[in-house]
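Read through the structure below, which is laid out as C-alpha cells, and then see the notes.
Nothing in this text is a laboratory measurement; each read-out follows from the coordinates by a stated rule. Bear in mind the structure is a predicted one, so any value in this text is a computation, not a measurement. Cβ placement follows ideal geometry from the backbone for every residue including glycine, while neighbour counts extend to all protein chains displayed.
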Amino acid sequence: MLEQLKIDVCEANKMLPEYGLVTLTWGNVSGFDKESGCFVIKPSGVTYDALTPQMMVVVDLQGRQVEGSLRPSSDTPTHLELYKAFPELGGIVHTHSAWATSWAQAGRDIPCYGTTHADYMYGDIPCLRGLTAEEIQNDYEKNTGLLITDYFKTKDYKAMPAVLCKNHGVFTWGNSPKEAVQYAVVLEEVAKMAARTEKINPNAKRAPQPLMDKHYFRKHGANAYYGQKNR
C-alpha cells in the first residue's frame, strides 16, 4: 500500500545527507496520506544509501505498524502526534543539523535577522522548553510531540513550519515530504546566518517588521506574487 508515498519518502530521506543535514543516521522523514489516514516513515537505524522504498514502514494514526518488516524510526511517536494535531501536514522531517541544533542546545530562539528567513518563516523560530525528567522517562518521543503541538495550539503551524527542541534537535514540516526537507534546508541556513550575524555584530537587531511582512506575504499571503502561477 501507499507505493508512491513510499518512493517519495525514501527519496526525501536520501535528500538529508545530500544537503548536509545529517550525520550517520541522525534524522528521518515521513509522509502522510490523508485518504488512508496512515503515514510512511524511515526504518530505524538504516543508513540513507541503503534505503529502498520497500523498506519504508507504514503506521496508522493509532500508532500501529500496518506494513513493513523493519522497525520504524524511534521518533515515530513524535511524528504521530504532529499528524494527529496538524491535519493539513503532508510531511515531517527531524534532524540534528549542526547549526540549528546548536541554537537548540543553547536554548535560544533563532531571531529573524533578514529576508532569507522571512521568505519562509514568519517570525523568530521558537526553541521550546526542555522536557521534565518525568516526561523523558515516560513516553519520551510522544511527549516531544505533545510539547510541540501544545506550543502551536495558539499559533499558526503553517506560518512557522519549524521548531527547535531544547537540548535535542529540530523538526520541520510541510505539504509533502519534499517540502518538509526544503524547510529543513532553510532552517539550517538561517541558523548559520544568524549565528554569524551575532558574531559579526553582537548588537544586531531583528529585521524591521515591515520588511519581514513584505517578504513573507509576497510568497505566502492572499495576494502573493512571487513565482509563477499554476506551477
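Residue separation times 0.36 nm, minus the C-alpha to C-alpha distance between residue 155 and residue 213: what's the value?
Numbers: separation 58, 0.36 × 58 = 20.88 nm, distance 1.66 nm.
Stretched out fully, the residue 155 to residue 213 stretch lengthens by 19.2 nm.
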Sort the range 95-225 into rounded, prolate or oblate with this rule: let a ≥ b ≥ c be the square roots of the eigenvalues of the Cα gyration tensor; rounded if a/c is under 1.5, and if a/c is not under 1.5, prolate when a/b is larger than b/c, oblate otherwise.
oblate
I need the shape label for the range 1-68. Rule: rounded when a/c is under 1.5, else prolate if a/b > b/c, else oblate, with a, b, c from the alpha carbon gyration tensor.
prolate
Considering only the other residues whose Cβ falls under 12 Å of the Cβ of residue 45, what net charge follows from Lys and Arg at +1 and Asp and Glu at -1?
+1
For labels at residue 64 and residue 34 in the simple 7 Å Cα→Cβ model, what's the distance in nm?
2.4
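Among DSSP beta bridges lying fully in the range 89-177, give the percent that are antiparallel, nearest 5. Mind dumping the intermediate values first?
Working: 10 of 12 bridges.
Of the beta bridges lying entirely in the range 89-177, close to 85 percent run antiparallel.
Label the range 174-231 by shape, choosing from rounded, prolate and oblate, from the square roots a ≥ b ≥ c of the eigenvalues of the Cα gyration tensor; if a/c is under 1.5 it is rounded, and otherwise prolate applies when a/b is larger than b/c, oblate when it is not.
Note, shape of the range 174-231 comes out oblate.
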Rounded to the nearest 20 debye, what is the charge dipole size of the range 111-182 about its Cα centre when +1 sits on each Lys and Arg Cβ and -1 on each Asp and Glu Cβ?
100
Which of the lysines could be linked to residue 42 by a straight reach, that is with a Cα gap under 19 Å, when you skip same-chain ones fewer than 8 residues away?
6, 14, 34, 84, 142, 178
